[in-house]
1. Would you mind calculating the relative contact order of region 30-72 from Cα pairs under 8 angstrom and at least 6 residues apart, reporting the percent as a whole number?
2. Under the Karplus relation 6.51 cos²θ - 1.76 cosθ + 1.60, θ = phi - 60°, what is the ordered set of whole-Hz ³J(HN,Hα) values for region 21-30, x standing for Gly and Pro?
Amino acid sequence: MATGWAGDNAVQDQIDATVEDAVKRARSQLNQGPSLTHCEECAAPIPTARRQAVPGVRLCVGCQEVRDQQAAFSGYNRRGSKDSQLR
């Protein structure tokens with residue numbers, strides 16, 4: 001039966017669940033399988049140290065940096081207050 005009041009740890013439980021979901025989503029997006037010997041974008045050789053450090057690597061460092069910069073931009077305002085939307 002709903003009482004209208006949240007439990008003592010309800011907010012922390014929600015935060016924990018959100019973080020856990022984000023970690024699961026990030027892990028599911030990691031590359032799987034063997035690393036490539038050459039970049040799939042520019043065909044440059046991928047150094048052995050990088051292939052050992054990053055399982056399933058598909059891109060050279062340069063191409064990965066470009067992809068990371070493109071993915072870092074988000075057109076959404078992730079701050080929740082109305083004041084932040086005015087900035």
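1. Working: 51 pairs, mean separation 17.6, N = 43.
Relative contact order here is 41 percent.
2. For region 21-30, the Karplus-derived couplings read 5, 5, 5, 4, 5, 5, 5, 5, 8, 5 Hz, x marking Gly and Pro.
We did not get these values from a lab; they are worked out from the coordinates using the rules stated. For clarity, every value in this text was computed on a predicted model and none was experimentally measured.
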